[in-house]
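Please treat every number below as a calculation from the coordinates, not as lab data. From a predicted model like this one, the values you see are computed outputs, not experimental measurements. Here Cβ is always computed from backbone atoms with ideal geometry, including for glycine, and neighbour counts include all displayed protein chains.
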Amino acid sequence: MFPAPQTRPRRRWVSILAVAPLMLAAACGSGGSSDGAASASGAASSSGEACAPAGGKVALQFWTWVPGMDEVVAKWNAANPDIQVTVKNTPSGNAGTYQNMFNALKAGTAPDLGQIEYDTLASFRLQKGLRDISGCPGVADAKSDFVGWAWTQSQIGGPGVYAIPQDTGPMALYYRKDIFDANGIAVPTTWEEYAAAGAKLKAKGIFLTHFPQQDANWFDGLLWQAGAKIFDTTGDSVKVSLTDPQAVKVADYWQKMIDDKVVATNLQGFSPDLYKAWNDGKVATWISASWGYSTIRDNAKGSAGKWAVAPMPQWNAGEKKAGNWGGSTTGVFSGSKYPAEAAKFALWLNSDPAALELANAKGGLYPANVAGLELPVLKKGVEFYGGQPVFDVFKEAASNVDTTFQWGPIMTDTNRFLSDGFTKALNGQGTLGESLKAAQTQTVAALKSQGIAVTE
Amino acid sequence: MSVSTDRASRGSSTVDAMPRNRRVREGSRGWGLIAMVFLVSLTVYFLLPVYWLVINATKTQSDLVSTNGFWFSRIALWDNLSALFERDNTVFLRWVVNSLLYAGVGAAIGTLLAAMAGYALAKYSFPGREFIFSSILGGVLVPATALALPLFLLFAKVGQTDTMWSVFLPSVVSPFGVYLSRIFAASAVPDEIIEAARLDGADERTIFFSIATRLMSPALVTIFLFQFIAIWNNFLLPRVMLNDARLYPLTYGLFYWQTQISRDPQLQTLVIVGSLVSVIPLIIIFLSLQRFWQAGLSAGAVK
């Protein structure tokens with residue numbers, strides 16, 4: 001796989017400089033990646049790969065960036081002397097750890113298990129980085145224990161199972177109850193009402209929400225709710241349709257909000273400026289995920305008791321659709337010598353009530369496990385939200401997330417293309433709709449350059 | 001620069017001593033003011049982020065986002081510091097120790113290697129000397145970023161990724177240090193002294209360690225500082241090599257926390273306090289070695 005480095009060092013440097021992160025595999029053997037495209041559906045036939053426990057003492061390595069995960073794993077290690085798991089705490093996936101995982105896969109030093117977000121599963125699958133664990137003891141039976149869409153996504157469009165869902169980020173509407181009440185605005189149930197609320201708030205000098213430049217995966221969640229089918233990887237080639245009519249509808253809706261100056265366009269997601277605006281009551285809502293409850297709670301302390309949570313506004317009155325933003329799985333890497341033990345650990349990690357409770361307390365994980373949604377801590381009223389049991393809203397949202405939504409095989413790149421377009425659109429160059437078109441063209445080109453068959 | 005040339009040209013064109021002095025003073029007052037304003041604004045420009053860092057390190061998480069970033073509110077520096085050192089089983093302390101080890105020991109060994117290589121290249125003539133020197137010079141041109149991945153693959157072959165060695169070993173190599181110490185050894189260590197020492201019966205090792213290193217000491221301090229800072233600030237190598245949080249150096253450890261902020265907002269405060277703490281060793285080493293650093297820089301430049 002790696003030609004002796006000393007023979008042509010300079011050419012290697014040049015090639016390494018030139019390749020974009022995900023194209024690494026392509027540089028090492030273009031034959032492999034075109035196989036990979038076919039495997040998006042084809043290799044699924046190899047599901048049910050034999051997976052028996054090795055027995056004896058087994059040591060596993062697990063890469064994760066959830067705070068406090070080592071404490072959760074310590075519980076497992078205490079109870080399972082024969083399967084000892086070592087946690088490696090890494091920066092988050094897109095901050096470099098995915099790249100390190102790909103490097104390690106190439107070098108044969110990959111860990112047994114790793115945290116992988118849903119939108120990146122297809123990338124790993126494409127590089128043949130994940131082990132099909134559907135044949136491992138207990139995995140097939142676990143399907144009904146997890147939220148529907150999460151399990152479907154860990155199958156990456158085939159019959160195999162490549163990861164165990166860990167947490168999800170069902171979306172809802174966080175809003176400033178005090179501001180809505182003071183201005184006589186009812187909680188919006190449709191996007192139309194949401195825009196109308198924005199118009200009223202604008203008259204008071206308050207922004208309805210912010211439209212971030214860089215959080216393309218937030219926008220993905222909105223597309224998801226609208227039923228946009230932006231990718232389809234089940235066929236022999238990858239279907240890219242970022243300009244799906246539903247996606248265009250969402251883009252046009254937000255473009256109008258931007259044009260009408262109803263939403264703030266100069267506030268970045270997770271920035272001190274945004275938090276200040278929340279604190280000062282200058283921004284009244286945030287369409288966000290379950291994990292966002294602590295983002296507001298810990299950064300806008302001055303507005304304690306003034307926030308509430310309601311279901312996401314709907315495109316058609318009476319519907320109950322929700323989007324999803326974020327969440328991870330625990331994947332078993334293809335090089336693992338002990339897939340059965342690794343799968344057993346991953347199942348425990350993401351189903352055991354005590355493990356889920358600790359992961360929720362330390363890392364803010366909102367379980368993908370159905371029984372986990374009944375954790376006592378997720379049933380209680382939350383003080384910051386005036387005692388509202390906010391997780392009831394998210395629990396319902398989790399069951400209303402479209403199970404057929406699919407991610408593209410190079411989602412990191414696609415999201416970068418999208419946020420590049422958003423940045424321009426927010427600065428008055430082009431529109432969100434044009435961002436979708438540009439991302440479509442760029443994604444198709446990037447896939448083709450990796451030798452992946454594409455249909456548009 | 002402009003101030004001194006101005007003064008020199010005026011000086012040479014005048015004959016009378018008294019008016020010259022006066023005129024210089026008048027002229028330099030104008031220039032001095034401009035230079036002063038320029039330097040003060042540069043100082044403000046460079047120190048403003050540090051000022052922000054100091055102010056915000058004293059704030060609680062909620063004050064951090066809700067109060068003016070350029071002035072104090074409630075002082076919570078002590079709480080922040082103890083939270084910083086207690087977090088994740090005192091992992092921050094490990095990062096401090098790691099950084100000092102990587103940068104301190106790495107720079108010391110790197111300086112020694114550079115001194116030996118530079119001295120040998122300057123003082124011994126052997127076939128292929130210029131070729132070796134040019135190859136090393138070529139190494140200066142290759143950015144460290146380009147080497148990180150090949151290094152990772154090499155270390156993976158010998159099963160040493162995710163170890164301290166994987167960051168330490170590549171750090172002790174400094175082509176620029178070899179270059180600097182060759183130039184310096186060539187001019188600062190006279191051949192006559194080496195000859196005399198040889199006649200007195202000193203062996204080559206003694207000559208190098210007792211005589212040459214002393215004569216080269218300003219350059220060695222410069223190399224040490226360069227190397228120390230390069231390793232201290234090296235981000236890419238640990239990023240590619242390490243996955244074990246207990247092995248991270250400060251820079252990468254703080255980055256690791258930074259990426260977890262969306263899950264645990266408290267980390268925002270800790271990253272800021274941690275950044276403040278992490279510049280302290282650099283300030284100390286700079287102030288204590290500044291004297292040598294300046295001497296070394298100018299010495300190299302003239303020769």
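Each part reduced to its alpha carbon centroid, the range A:399-456 and the range B:164-211 end up 57 Å apart. Each 5 Å bin from 0 upward holds the following percent of the Cα-Cα pairs of the range A:192-243: 5, 15, 15, 17, 17, 11, 7, 6, 4, 2, 0. Membrane-span-like helices in chain B, defined purely by DSSP H runs whose alpha carbon atoms cover 27 Å or more axially and whose average Kyte-Doolittle hydropathy reaches 0.0, are B:17-57, B:267-302.
Three semi-axes describe the equivalent ellipsoid of the range A:124-189; taken as square roots of 5 times the Cα gyration tensor eigenvalues and ordered largest first, they are 41, 13, 9 Å. Taking a point 7 Å out from the Cα of A:N427 in the direction of its Cβ, none of the residues of the range A:265-279 has a backbone N less than 12 Å from it.
Taking amide H positions as modeled 1.01 Å from N, with prolines and chain starts lacking one, the residues under 5 Å from B:A76 and 5 or more places away or on another chain are B:K59, B:T60. Sequence gap at least 6, Cα distance under 8 Å: using those rules, report the relative contact order of the range B:50-157 to the nearest whole percent. Computed over the range B:50-157, the figure is 13 percent. How high is the relative contact order of chain A, given as a whole-number percent (alpha carbon pairs under 8 Å, six or more residues apart)? Reported relative contact order: 26 percent.
Pairs of Cα atoms under 8 Å, at least six residues apart: use those to get the relative contact order of chain B, whole percent. Before the final figure, lay out each step's value.
Details: 300 pairs, mean separation 75.7, N = 303.
Over chain B, the number comes to 25 percent.
Using only alpha carbons, the protein assembly as shown has a radius of gyration to Kirkwood radius ratio (Rg to Rh) of 1.03. Pairs with C-alpha atoms separated by more than 22 Å, drawn from the list A:K229/A:K437; A:K88/A:K362; A:K200/A:K229; A:K249/A:K448; A:K301/A:K395; A:K177/A:K380, are A:K200/A:K229; A:K249/A:K448; A:K301/A:K395. In chain A, the DSSP-assigned H stretches of four residues or longer account for a calculated mean residue ellipticity at 222 nm of -12500 deg cm²/dmol, using -39500 (n - 2.57) per stretch and the full residue count as denominator. Treating each Cα of the range A:175-305 as an identical point scatterer and summing with the Debye formula, the log10 of I(q)/I(0) at q = 0.17, 0.20 Å⁻¹ comes to -0.94, -1.23. Taking the centroid of alpha carbons for each part, the range A:162-199 and the range B:221-250 are 45 Å apart. Farthest toward the positive end of the dipole of chain A, out of A:A107, A:T120, A:A317, is the Cα of A:A107, where the dipole comes from beta carbon charges about the Cα centre. Taking every Cα-Cα distance in the range B:77-302 and sorting them into 5 Å bins from zero, the calculated P(r) comes out as 1, 6, 13, 15, 15, 14, 12, 9, 6, 4, 2, 1, 1, 0, 0 percent.
Note on A:K306: aspartates and glutamates with a C-alpha under 16 Å away, same-chain residues under 8 apart excluded, are A:D178, A:D181, A:D280, A:D298, A:E383.
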